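**Q** The structure that follows is given in the form of structure tokens.
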Amino acid sequence: MDDTVGVFVSPSGTDVGSGKKAEPVKTLQQALKLVSSSRPRIYVCGDETQPYVGPVALTGTSGVSIYGGFECAGWGHKGGKSKITVSGGGEVGLDLDKVQNASFQDLVVEGPAEGAPNSVAARVTESSGVSFKRVKLVAGNGQNQAKAADGTEGAKGDNGNPAKDNTTPGPLKSCSCG
């Protein structure tokens with residue numbers, strides 16, 4: 001890997017760094033500011049025990065890709081996954097809108113636990129040519145609904161579907177991607 005084709009991110013980096021291997025940045029948000037058409041890749045070191053704080057949001061970009069699973073010393077690919085987490089329920093871990101030709105590899109993306117209004121790990125809208133390889137998307141637990149005006153407890157929203165009568169969670173929702 002060459003410094004001229006990507007921006008490097010490390011938990012021990014600093015956001016005043018150049019983003020080169022010898023001077024990695026610390027956050028994915030700073031790395032996104034440094035990407036360009038000639039330097040469209042982001043290389044992330046560390047594993048699931050050293051999560052990066054999201055959200056990671058791309059809007060109207062083309063060719064930007066994020067590759068995880070690298071060693072922080074020497075930047076060799078170690079085969080693990082780098083992790084992105086979010087804590088705010090109004091955020092999505094990886095949020096892509098109007099993105100073209102992007103690749104995401106060797107990552108774990110976690111949505112917020114009991115987030116309001118969502119616990120979504122990733123959302124892709126109005127995009128094409130987006131690929132995920134060896135990426136694990138983990139939705140956070142759904143948030144319980146607030147108590148009703150009469151004091152009764154709202155339904156738990158942990159199945160992915162709305163409650164039928166505000167007391168019983170909806171049926172389990174599952175989906176698969178081709």
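The values are calculated or read from the model by the stated rules, or taken from the named source; none is laboratory data. A quick note: this is a predicted structure, and the numbers were derived from the prediction, not measured. Glycine also receives a Cβ, built like all others from the backbone with ideal geometry; neighbour counts cover every protein chain displayed. Quick note on the areas: whole protein, heavy atoms, side chains included, nothing else; ligands and nucleic acids left out. Shrake-Rupley method; radii C 1.70, N 1.55, O 1.52, S 1.80 Å.
**Q** Taking a probe of 1.4 angstrom, what is the accessible area of Leu34 in Å², to the nearest 10?
**A** Only protein atoms counted, so the area is about 50 Å².
**Q** Let me ask another. Within the range 29-108, what percent of beta bridges assigned by DSSP are antiparallel, to the nearest 5? The partial results should precede the final answer.
**A** On the way: 2 of 17 bridges.
Percent antiparallel among DSSP bridges in the range 29-108 is about 10.
**Q** Right, something else. What distance in nm lies between label points placed 7 Å from Cα along the C-beta direction at Lys78 and Glu126?
**A** With each label point 7 Å from Cα toward Cβ, the separation is 4.0 nm.
**Q** With every protein chain kept in place and ligands, DNA and RNA left out, what is the accessible area per residue of the range 26-98? Probe 1.4 Å, answer in Å². Provide the component values of the computation, followed by the final result.
**A** Working: 3160 Å² over 73 residues.
Ligands and nucleic acids excluded, the result is 43 Å² per residue.
**Q** Determine the relative contact order of the range 1-105: mean sequence separation of Cα pairs under 8 Å and six or more apart, normalised by residue count, in whole percent. Before the final figure, lay out each step's value.
**A** Working: 237 pairs, mean separation 26.1, N = 105.
Relative contact order here is 25 percent.
**Q** Ranked from the most accessible area to the least, with a 1.4 Å probe and all protein chains present, what is the order of Tyr52, Tyr67?
**A** Sorted by accessible area, descending: Tyr67, Tyr52.
**Q** Now, a different point. Not counting ligands, DNA or RNA, and with a 1.4 Å probe, what is Thr27's accessible surface area in Å² rounded to the nearest 10?
**A** 40
**Q** At a 1.4 Å probe radius, which order do Arg134, Arg123 fall into by accessible area, largest first? Please report the intermediate quantities before stating the final value.
**A** Working: Arg134 135, Arg123 105 Å².
Reading off the accessible areas and sorting them downward yields Arg134, Arg123.
**Q** Right, something else. Which FRET efficiency value, to the nearest 0.05, is calculated for Ser37 and Ser12 with the Förster distance at 25 angstrom and r the Cβ-Cβ distance? Spell out each step's value before the answer.
**A** On the way: r = 28 Å, r/R0 = 1.13.
Working from the Cβ atoms, E equals 0.30.
**Q** Return the subset of Lys21/Lys78; Lys83/Lys133; Lys26/Lys81; Lys21/Lys136; Lys26/Lys83 for which the Cα-Cα distance in this structure is over 20 Å, preserving the input order. Spell out each step's value before the answer.
**A** Values: Lys21/Lys78 16 Å; Lys83/Lys133 14 Å; Lys26/Lys81 17 Å; Lys21/Lys136 26 Å; Lys26/Lys83 13 Å.
With Cα atoms farther than 20 Å apart: Lys21/Lys136.
**Q** Suppose every Lys and Arg Cβ carries +1 and every Asp and Glu Cβ carries -1, with no other charges. What dipole size does the range 29-108 come out with about its Cα centre, to the nearest 20 debye? List each step's numbers first, then the result.
**A** Details: 7 positive and 7 negative charges, 51 e Å.
That gives a dipole near 240 debye.
**Q** Enter the accessible area of Asp95 (Å², nearest 10), with the probe set to 1.4 Å and all protein chains included.
**A** About 40 Å², ignoring ligands and nucleic acids.
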